[in-house]
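Encoded as structure tokens, the structure appears first; notes follow it.
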Amino acid sequence: MPVGIYFSPPSLDEATYNSIREKVEANGPWPAVGMLHHSCFTEGPKLAVYEIWESQEAMDKFGQERLMPVMKELNFDAGEPAIVSIINMVQA
């Protein structure tokens with residue numbers, strides 16, 4: 001079952017997002033295997049990220065192998081994301 005993940009850390013700005021994104025993209029295929037959607041958007045004065053994954057397992061693998069090592073290297077704490085089950089998804 002597809003899952004969505006929503007990050008809204010208070011300190012995510014464009015420079016930080018771009019640093020994380022560039023390092024993640026340099027370490028493997030992008031979009032990552034199992035990723036169905038990725039978006040970064042403004043939320044007031046900061047940024048937030050929303051992704052949809054084909055499965056919890058695919059999302060966990062990406063997080064453990066590619067995303068978390070980059071965030072640790074950059075000393076960035078994304079906080080606790082919201083994870084939801086996708087019931088319906090429409091793609092244009």
Which value in deg cm²/dmol, rounded to the nearest 500, describes the helix-derived mean residue ellipticity at 222 nm for the chain, given -39,500 (n - 2.57) per DSSP H run of n ≥ 4 and division by the residue count?
-8000 deg cm²/dmol
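Placing +1 at every Lys and Arg Cβ and -1 at every Asp and Glu Cβ, with all other atoms neutral, what dipole size does the chain have around its Cα centre, in debye to the nearest 20? Mind dumping the intermediate values first?
Values: 6 positive and 13 negative charges, 13 e Å.
The calculation lands at about 60 debye.
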Return the FRET efficiency for the residue pair Met1, Arg21: r is the Cβ-Cβ distance, R0 is 35 Å, and the value is rounded to the nearest 0.05.
0.85
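With a sphere of radius 14 Å drawn around the Cβ of Gly34, what net charge do the other residues whose Cβ falls strictly inside it have (Lys, Arg +1; Asp, Glu -1)?
Numbers: positive: Lys61, Arg66; negative: Glu51, Glu54, Glu57, Asp60, Glu65.
With Lys, Arg at +1 and Asp, Glu at -1, the neighbours total -3.
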Out of Ser39, Ser55, Ser11, a Gaussian network model of the chain with alpha-carbon springs under 10 Å gives the largest mean-square fluctuation to Ser39
Per the Kirkwood formula on distinct C-alpha pairs, the Rh of the chain is how many angstrom?
13.6
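A short reminder: the numbers here are calculations on the coordinates, not readings from a lab. As the structure is a computational prediction, the values presented were derived from the model and not from experiment. Positions of Cβ are backbone-derived with ideal geometry, glycine not excepted, and every protein chain shown enters the neighbour counts.
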